[in-house]
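Report on the structure given below.
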Amino acid sequence: MSDYAKPLPILTDENRPFWEACRNGRLSLQTCSGCAHVRYPISRFCPQCLSAEFEWSEMSGRATVFSYIVFHRAYHAGFRQDVPYNVALVQLEEGPRMFSNVVGVPNDQVHIGDPVEVVFDPVTPEVTIPRFRPISQ
Amino acid sequence: MHPLRDTCAIVGVGASAQGKVPGSSAISLSVEAFKRALDDSGLRKEEIDGLLTLPGQTSAEGALNYLRLGETLGIDPRFTGTMNMGGATPGVMLQHAVLAVNAGMAKNVAFVFGDAAATGGGKYDRAQGWGDSSSIWGYMSAAANSAITAARHMAVYGTTSRQLGEIAVACRYHASLNPDAVMRTPITVEDHQASRWVVEPLHLLDCCLVSDGGVCVIVSSAERARDLKQKPVLISGMGQAYTTQNLGREDWWYAPHQRTSVLDAYAMAGVGPRDIDVVQLYDNFTISVMLWLEHAGFCKPGEAGPFCEGGRIQLGGELPVNTAGGNLSESYMEGCLHIVEAVRQLRGQCGPRQVRDAEVSLVTGRGQALNCANALVLRKG
Ligand SMILES: [Zn+2]
């Protein structure tokens with residue numbers, strides 16, 4: 001039994017490949033077989049063309065900080081010890097955006113536009129969470 | 001000319017006591033507001049045949065709010081329903097009322113909201129998202145979405161926290177002139193800067209209040225309005241638009257649908273930004289006002305920061321914004337009070353905070369994770 005106290009993804013048949021890939025150190029998203037759109041959030045259907053045909057494809061893991069905020073309040077008990085902690089909206093090289101955290105640097109050292117790359121944080125035996133660290137120039 | 005322009009009017013507005021109202025429930029505050037709006041309009045309860053509602057965070061019945069409220073009010077309506085688009089709901093429900101009246105489905109429609117969020121335990125802090133929820137990364141609270149917007153607006157356009165502070169200062173100044181407002185002690189930009197961070201780059205004074213209270217707005221045909229107690233306030237223009245794709249759209253943070261909703265309302269009313277005398281812009285957070293100023297064409301995209309400086313948005317300035325204090329300082333009623341204030345300004349009932357010769361007002365609402373937006377152009381009848 002894990003003592004990890006923060007929200008965890010609810011694993012389903014639809015999202016399990018994403019989280020399995022994370023466990024194996026890969027960031028993998030759905031690419032539409034109909035229109036080649038790379039999508040996130042995870043969905044059975046492509047929001048562009050509604051095709052249900054897709055492949056899981058590995059992302060480069062490189063991204064840019066699109067927006068960036070720092071929580072000085074914990075809205076969930078699991079984050080109480082982390083305050084202040086950051087959340088970044090990152091834009092992947094392949095286009096999609098996702099929420100994540102920038103790790104490995106103080107909160108005030110991160111800026112919008114900074115290049116970052118994915119790192120994998122195993123938090124329970126089942127779940128590994130993708131986060132991002134700055135790419136040193 | 002748009003066939004629905006000026007076909008309906010707001011004939012009654014009412015609000016309960018606001019702030020902390022111990023011993024009240026969402027329903028009792030709703031009823032209090034309904035009674036005041038009814039009295040304001042001169043209509044009898046039996047004439048209310050439309051009932052549209054927004055449940056409060058503390059309304060346990062949720063989407064069945066219309067039933068609970070109808071039972072409590074003793075009204076068996078011909079047209080009813082509950083909708084929850086957060087702060088976008090009041091404007092949407094008024095637009096539904098206009099459609100129902102024009103379709104002959106109801107004659108007098110009351111929109112009612114009540115909440116005991118301050119004393120009854122609000123849920124604004126709930127985790128959000130579904131499936132692979134963004135709460136996995138600690139992304140939670142209504143403040144988070146607006147913080148994302150503010151941070152990017154600052155990075156892209158050079159907007160500053162002090163400029164956001166100008167909005168908090170203006171709203172508080174207006175609230176100081178409003179005896180019904182909850183927070184009435186004037187503040188300065190320095191006070192804003194010194195207030196603690198909530199979700200950086202938003203300070204505490206960038207955030208709206210959490211309040212108990214109820215609000216009711218009654219819509220009738222413009223023809224019926226002429227025989228009622230108050231000077232009619234005509235609904236000249238309306239618009240709604242939505243961006244449901246949060247992560248899926250690169251410009252989600254900028255709430256592009258807000259512009260669409262305002263342009264539709266302008267077009268229906270046959271007006272533009274230069275015709276607007278006073279605005280009530282939805283302000284769950286200060287940054288929201290900046291987006292509305294840009295999307296409504298009062299300044300260019302990216303220029304709302306400087307626009308808010310120098311008293312321009314205060315009473316006596318070029319464009320008085322949120323003249324009752326807004327969600328930031330009057331009371332957080334999901335934007336219902338923005339409509340009430342617009343009506344009172346156009347009736348000329350605002351005493352020390354009255355905008356002189358106010359004839360046309362823009363009222364905007366927005367809700368959920370920046371997803372929902374709407375606009376109303378109201379005109380003195
Ligand atoms: Zn597709």
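The values are calculated or read from the model by the stated rules, or taken from the named source; none is laboratory data. What you see is a predicted model, and the numbers here were worked out from it, not measured in a lab. Every residue, glycine among them, receives a Cβ derived from its backbone with ideal geometry; neighbour counts consider all protein chains shown.
Considering every residue within segment B:293-304, establish whether at least one is over 13 Å from the mean Cα position of the chain (by Cα) and either at pLDDT below 95 or of a type in the set (S, T, N, Q) (or both).
No, segment B:293-304 contains no residue that is over 13 Å from the mean Cα position of the chain (by Cα) and either at pLDDT below 95 or of a type in the set (S, T, N, Q) (or both).
Out of the residues in segment B:194-208 that are at the interface with another protein chain (Cβ under 10 Å from one of its Cβ atoms) and not in a loop (DSSP other than H, G, I, E, B), state the one that is farthest from residue B:330 (Cα to Cα).
B:200
Residues being farther than 20 Å from residue B:155 by Cα and assigned to a strand (DSSP E or B): count how many of those fall in segment A:84-131.
Final tally of qualifying residues: 10.
Do we find that residue B:347 is farther than 20 Å from residue B:180 by Cα and surrounded by fewer than 20 Cβ atoms within 10 Å (Cβ to Cβ) in this structure?
Details: farther than 20 Å from residue B:180 by Cα: no; surrounded by fewer than 20 Cβ atoms within 10 Å (Cβ to Cβ): yes.
Considered against the rule, which asks whether it is farther than 20 Å from residue B:180 by Cα and surrounded by fewer than 20 Cβ atoms within 10 Å (Cβ to Cβ), residue B:347 comes out as no.
From the list A:28, A:67, A:60, which residue is modelled with pLDDT of 95 or more and under 23 Å from residue B:155 (Cβ atoms)?
Details: A:28 fails: under 23 Å from residue B:155 (Cβ atoms); A:60 fails: under 23 Å from residue B:155 (Cβ atoms).
Among A:28, A:67, A:60, only A:67 is modelled with pLDDT of 95 or more and under 23 Å from residue B:155 (Cβ atoms).
Here are the criteria: (1) free of Cβ contacts under 8 Å to residues at least 40 places away in the same chain; (2) farther than 23 Å from residue A:3 by Cβ; (3) out of contact with any Ser or Thr (no Cβ under 7 Å at 6 or more places or on another chain); (4) part of a strand (DSSP E or B). Tell me which single one residue A:55 does not satisfy.
That leaves (3) as the condition not met.
In segment B:18-35, what residues are under 11 Å from residue B:212 (Cβ atoms) and hydrophobic (A, V, I, L, M, F, W, C)?
Answer for segment B:18-35, where residues must be under 11 Å from residue B:212 (Cβ atoms) and hydrophobic (A, V, I, L, M, F, W, C): B:21, B:26, B:29.
Being within 23 Å of residue B:344 (Cα to Cα), out of contact with any Lys or Arg (no Cβ under 9 Å at 6 or more places or on another chain) and either within 14 Å of chain A (Cβ to nearest Cβ) or surrounded by fewer than 24 Cβ atoms within 10 Å (Cβ to Cβ) (or both) is the filter here, so list the residues in segment B:241-276 that pass it.
B:266, B:272, B:273, B:274, B:275, B:276
Within segment A:62-73, can one find any residue that is part of a strand (DSSP E or B), more than 9 Å from chain B (Cβ to nearest Cβ), hydroxyl-bearing (Ser, Thr, Tyr) and more than 16 Å from the ligand (Cβ to nearest atom)?
Checked segment A:62-73: at least one residue is part of a strand (DSSP E or B), more than 9 Å from chain B (Cβ to nearest Cβ), hydroxyl-bearing (Ser, Thr, Tyr) and more than 16 Å from the ligand (Cβ to nearest atom).
Which one of the conditions (1) closer than 19 Å to residue B:89 by Cα; (2) in contact with a Pro (Cβ under 9 Å, 6 or more places away or on another chain) does residue B:278 fail to meet, given that it meets all the rest?
(1)
Quick one: residue A:27 ticks every box in (1) within 16 Å of the ligand (Cβ to nearest atom); (2) touching a helix residue (DSSP H, G or I) at 6+ places or on another chain (Cβ under 8 Å); (3) more than 11 Å from chain B (Cβ to nearest Cβ); (4) of a type in the set (A, V, I, L, M) except a single one, so which number is it?
The single condition residue A:27 does not satisfy is (1).
For residue A:42, indicate whether it is facing chain B (nearest Cβ under 9 Å), within 16 Å of the ligand (Cβ to nearest atom) and in a loop (DSSP other than H, G, I, E, B).
yes
Restricting to segment B:170-211, give me the number of residues that are in contact with a Lys or Arg (Cβ under 6 Å, 6 or more places away or on another chain) and modelled with pLDDT under 95.
Count: 0.
For residue B:15, state whether it is under 27 Å from residue B:231 (Cβ atoms) and out of contact with any Ser or Thr (no Cβ under 9 Å at 6 or more places or on another chain).
no
Identify, by number, the condition in (1) crowded, with 18+ Cβ neighbours inside 10 Å; (2) out of contact with any helix residue (DSSP H, G or I) (no Cβ under 8 Å at 6 or more places or on another chain); (3) more than 11 Å from residue B:110 (Cα to Cα) that residue B:42 doesn't meet.
Every condition holds for residue B:42 apart from (1).
If residue A:57 satisfies every condition in (1) buried (at least 18 other Cβ atoms within 10 Å of the Cβ); (2) within 15 Å of the ligand (Cβ to nearest atom); (3) of a type outside the set (Asp, Glu) but one, which is the exception?
(1)
Every residue, every condition in (1) within 26 Å of residue B:204 (Cβ to Cβ); (2) more than 11 Å from chain B (Cβ to nearest Cβ); (3) within 16 Å of the ligand (Cβ to nearest atom), yes or no:
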residue: A:3; (1), (2), (3): no, yes, no
residue: A:11; (1), (2), (3): no, no, no
residue: A:19; (1), (2), (3): no, no, no
residue: A:34; (1), (2), (3): no, yes, yes
residue: A:47; (1), (2), (3): no, no, yes
residue: A:51; (1), (2), (3): no, yes, yes
residue: A:76; (1), (2), (3): yes, no, no
residue: A:79; (1), (2), (3): yes, no, no
residue: A:85; (1), (2), (3): yes, no, no
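Which of the residues that make up segment B:1-34 are crowded, with 16+ Cβ neighbours inside 10 Å and basic (Lys, Arg)?
B:5
Please identify the pairs in which a residue from segment B:5-20 that is farther than 19 Å from residue B:222 by Cα has its Cβ atom under 6 Å from the Cβ atom of a residue that is of a type in the set (S, T, N, Q), counting only partners at least 6 apart or on another chain.
Hits for this filter: B:18/B:211; B:18/B:331; B:19/B:211; B:20/B:119.
How many residues does segment A:87-113 contain that are closer than 26 Å to residue A:31 by Cα and within 9 Å of another protein chain (Cβ to nearest Cβ)?
Looking only at that region, the number is 12.
Collect the residues in segment A:80-100 that are polar (S, T, N, Q) and surrounded by fewer than 22 Cβ atoms within 10 Å (Cβ to Cβ), keeping them in residue-number order. Write out each step before concluding.
Of all residues in segment A:80-100, those polar (S, T, N, Q) come to A:81, A:86, A:91, A:100.
Within segment A:80-100, A:81, A:91 qualify.
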